[in-house]
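The structure appears right after this line, and notes come after that.
The values are calculated or read from the model by the stated rules, or taken from the named source; none is laboratory data. Quick caveat, the model's predicted, so the values are computed rather than measured. Please note: Cβ atoms are built from the backbone with ideal geometry, for glycine as well, and neighbour counts cover all protein chains shown.
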Number of protein chains: 2
Amino acid sequence: MKIAVADRMNHIEGSVIRQFAEAALKPGLITFANGNPAPATYPIEEMKRFFTEALESEHVESLLMYGAVQGFPPLVECLKERLAKKYGFDFEMNDLYIVSGGTQAADVVSKIWLEKGDAVITEEPSYASMYNIFRAYEADLIGVPIDDSGIDVDAVEEVLKTNPKVKLIYTIPSFQNPTGFSTVAEKRKKLYDLACKYDVIIFEDDPYAELRFAGETVNPIKSYDTEGRVFYTSSLSKVIAPSFRLGYLVVKKEFGKYVNVCKQCTDVHSNTLGQYVAWGVMTKTDYEAHIKKAQEEYRRKSSLIVETLKKYMHPSCRLSQPTGGMFIMMFMPETVDAVDFTWKGIDRGVVCVPGSGFAIDGSKPSHMIRMCYATATDEEIVKGAEIVGKLTCDMINGTV
Amino acid sequence: MKIAVADRMNHIEGSVIRQFAEAALKPGLITFANGNPAPATYPIEEMKRFFTEALESEHVESLLMYGAVQGFPPLVECLKERLAKKYGFDFEMNDLYIVSGGTQAADVVSKIWLEKGDAVITEEPSYASMYNIFRAYEADLIGVPIDDSGIDVDAVEEVLKTNPKVKLIYTIPSFQNPTGFSTVAEKRKKLYDLACKYDVIIFEDDPYAELRFAGETVNPIKSYDTEGRVFYTSSLSKVIAPSFRLGYLVVKKEFGKYVNVCKQCTDVHSNTLGQYVAWGVMTKTDYEAHIKKAQEEYRRKSSLIVETLKKYMHPSCRLSQPTGGMFIMMFMPETVDAVDFTWKGIDRGVVCVPGSGFAIDGSKPSHMIRMCYATATDEEIVKGAEIVGKLTCDMINGTV
């Protein structure tokens, strides 16, 4: 049998993160590796209530039958209301589509708009699974730096000036994965203006938006969008639960026909009972209190890891100090290789992810370490951060 | 804003079926149009039990967290056991992957194997949503006829002999959508031999397999597969509920890495609680009794529609008379246009789907009508089939 896989498969790369995630399964390890939300934030009692309510509803037959491609209408409506109220999204011009997680939003957007040879600008480091999605449609990736104030808009403009193949800018503006950095309002506006000037798409990935625990809300780039060139996605994975596989995509109404046909060609629609439960949690419980509780959980855990790392890490290391979300990045001197650091950390009982897991070319050396503080217990965070901190000293001082 | 959609989007066509499905929403209409399973077969009490069990389980946190890409392991195992026992599938050579419905199985297979310009052989008429999936990967479709004994294997060989671009044969061997025809064992074996001879893939779509209500089990083509060139998919939509969005794909183990990376790039994994419930229904209840009850439901409804149609339809019409599944096809003389028939049927209170909804080129005239007898009540089936039968007489006799 000589049947070859399609050429696009040769562009996709295995996830470096998954490799360390597997190492993290060793019993007794403290894991900062998985990009998982805090289990304490799952509304489990509410889930029980609404699954039962759905199955006892007079509409149970339609809730179990094939559903609307766009999504369960009450969930679509309540998400639109929330986004309009919170960020001023314009649903005269735009519409919202339920997808099976932010990953599927990226797959749908790529399938609709990316042609072989198109270029995608992305923050680097960024969420590497997205790289693979763009690669599956044979797009070329161009990385631009990100720092404490967010994406480097000057670098974006340089690329746009010189590369006419750019079709899409991919950005995680708030509490970015992996850095925890957020893009300030001024740069968001600038990025939007650049997209207009050079006629490209912005694909705004905002799964952590609800998890702000310090500072004021900064509106998504989509809030500035009068032309319909910002495609906004967010997820219910961090506010309901990841295993529900639910997210949403906001695009200009006229593109809805493409989103619908792509969704029909992928999984027809997302699971309806999960959508019913999400709608129940959002509209029939004190959802603001639920969100607030989650934010408080992340604030406490974030403080714990920052304080402990600062106490123990070598003074030449630097932290990203997020104001929301679940990730913190530790930047180490160039003498420390992040992959080497990660394996040594596993030997000492903690698993993190090296920056190379978020690079376009994962084989290049990296000197930063991502830690997710969401799933470890408070005790584990303190113990794990001490191990990480002390390991920086030992490696920088050459004692290990 | 001048951003063009990718060229692949220009190959995808809107579903003719959906147009009539929308017409079917007119209150009071009897619908034979939707390809939906019988609601009476949903195990609703069991769903309540297992959703609650999952959420009260000591493993609840992991059931709500991101799950395994391959699927919820106990569900994967129980499906493998069932397929090995029932059909002799070889899970030394193959593995099973949970997907978000058979549609996603087709998307994943297409993404991995179909290159622009590859050709796909398909029964015609067939399930048109699949046409769009293959088109989204810019494959060309080549239709071959299907009759009471199933796919026309001689026509398949003719195509394979003359077209070196063929990479994949798409077939629904049992109770085909839309015809209700099944491919006999001899032709299944022949099709497999042809695939081996010409080194192509068979993508075997078997969602109705459990719904046999007459005759003996005919093993899937996958049962003959010693080379790993048959990719088998089936669905839980017809035995649990469509809105769960769960199906599975069986492929040779060495291809698993591609399936996993594609799944990671699409929706990471399918919703876990639905998988838990499906596993519960399959292993902790009398699942055989549940399947038997569903088969009995379909047998009764099928008999009702066949008997009533035979009683009223014009003698020049012919029926497919399925031995399982949910579809029946009525073949009319060439003087009757199926689209015209469908609209006239809607005027009289019944909605069906014209054969053009299952053609590669939907603009060509068609003289057959698909009826799904799964969702209508017994009374509606009798009343609707009488209307359909009488309409054939009126149209053939020229009195309408």
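Table for the structure above
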item: Qualifying residue in segment B:34-49 (condition: at pLDDT 95 or above, closer than 21 Å to B:S237 by Cα, more than 21 Å from the chain's Cα centre (by Cα) and among the acidic types (D, E)); result: yes
item: Residue within segment A:230-244 that is within 14 Å of chain B (Cβ to nearest Cβ), over 17 Å from the mean Cα position of the chain (by Cα), farther than 11 Å from A:N94 by Cβ and without any contact (Cβ under 8 Å) to a residue 40 or more places away in the chain present; result: no
item: The listed residue being farther than 30 Å from A:R299 by Cα and buried (at least 24 other Cβ atoms within 10 Å of the Cβ), out of A:A139, A:A105; result: A:A139
item: Considering residues of segment B:264-282 that are more than 17 Å from A:L273 (Cα to Cα) and of a type in the set (A, V, I, L, M) only, the residue farthest from the other protein chains (Cβ to nearest Cβ); result: B:M282
item: Residue pairs meeting the criteria (Cβ under 6 Å; at least 6 apart or on separate chains; first within 9 Å of another protein chain (Cβ to nearest Cβ), in segment B:51-74; second part of a loop (DSSP other than H, G, I, E, B) and hydrophobic (A, V, I, L, M, F, W, C)); result: B:L64/A:A241
item: Test set (1) in contact with a Leu (Cβ under 9 Å, 6 or more places away or on another chain); (2) in contact (Cβ under 8 Å) with a residue 40 or more places away in the chain - B:E115 fails condition number; result: (1)
item: Meets criteria (hydroxyl-bearing (S, T, Y), surrounded by fewer than 23 Cβ atoms within 10 Å (Cβ to Cβ) and touching a residue at least 12 places away in the same chain (Cβ under 8 Å)) for B:T375; result: yes
item: Qualifying residue in segment B:83-94 (condition: within 12 Å of chain A (Cβ to nearest Cβ) and crowded, with 19+ Cβ neighbours inside 10 Å); result: no
item: Filtered residues of segment B:283-296 (kept if away from chain A (no Cβ under 14 Å) and within 24 Å of the chain's Cα centre (by Cα)); result: B:Y287, B:E288, B:A289, B:H290, B:I291, B:K292, B:K293, B:Q295, B:E296
item: Selection from segment A:348-371 of residues that are farther than 16 Å from A:Q19 by Cα and part of a strand (DSSP E or B); result: A:M368
item: Test for A:V306: is it in a helix (DSSP H, G or I) and either within 10 Å of another protein chain (Cβ to nearest Cβ) or among the aliphatic types (A, V, I, L, M) (or both); result: yes
item: Subset of segment B:269-317 [farther than 28 Å from B:L79 by Cα and small (G, A, S)]; result: B:S303, B:S316
item: Boolean, A:I112 is within 14 Å of chain B (Cβ to nearest Cβ) and closer than 12 Å to A:Y248 by Cα; result: no
item: Members of segment A:350-365 found to be within 15 Å of A:L141 (Cβ to Cβ) and among the aliphatic types (A, V, I, L, M), listed by number; result: A:A359, A:I360
item: Failed condition for B:E45, given (1) more than 9 Å from chain A (Cβ to nearest Cβ); (2) assigned to a helix (DSSP H, G or I); (3) exposed (fewer than 15 other Cβ atoms within 10 Å of the Cβ); result: (1)
item: Failed criterion for A:S100 (all others in (1) surrounded by fewer than 23 Cβ atoms within 10 Å (Cβ to Cβ); (2) within 14 Å of chain B (Cβ to nearest Cβ); (3) among the hydroxyl-bearing types (S, T, Y) hold); result: (1)
item: Where B:P37 falls short, out of the listed (1) within 28 Å of B:F327 (Cα to Cα); (2) touching a strand residue (DSSP E or B) at 6+ places or on another chain (Cβ under 6 Å); result: (2)
item: Residue in segment A:274-285 that is among the polar types (S, T, N, Q) and without any contact (Cβ under 8 Å) to a residue 40 or more places away in the chain present; result: no
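Yes or no, residue by residue, for (1) small (G, A, S); (2) surrounded by fewer than 16 Cβ atoms within 10 Å (Cβ to Cβ); (3) touching a residue at least 60 places away in the same chain (Cβ under 8 Å); (4) in the same structural domain as B:E53 (by TED's automatic domain parsing):
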residue	(1), (2), (3), (4)
B:A294	yes, no, yes, no
B:P315	no, yes, no, no
B:R318	no, yes, no, no
B:I328	no, no, yes, no
B:P333	no, yes, yes, no
B:D347	no, yes, no, no
B:F358	no, no, yes, no
B:S363	yes, yes, no, no
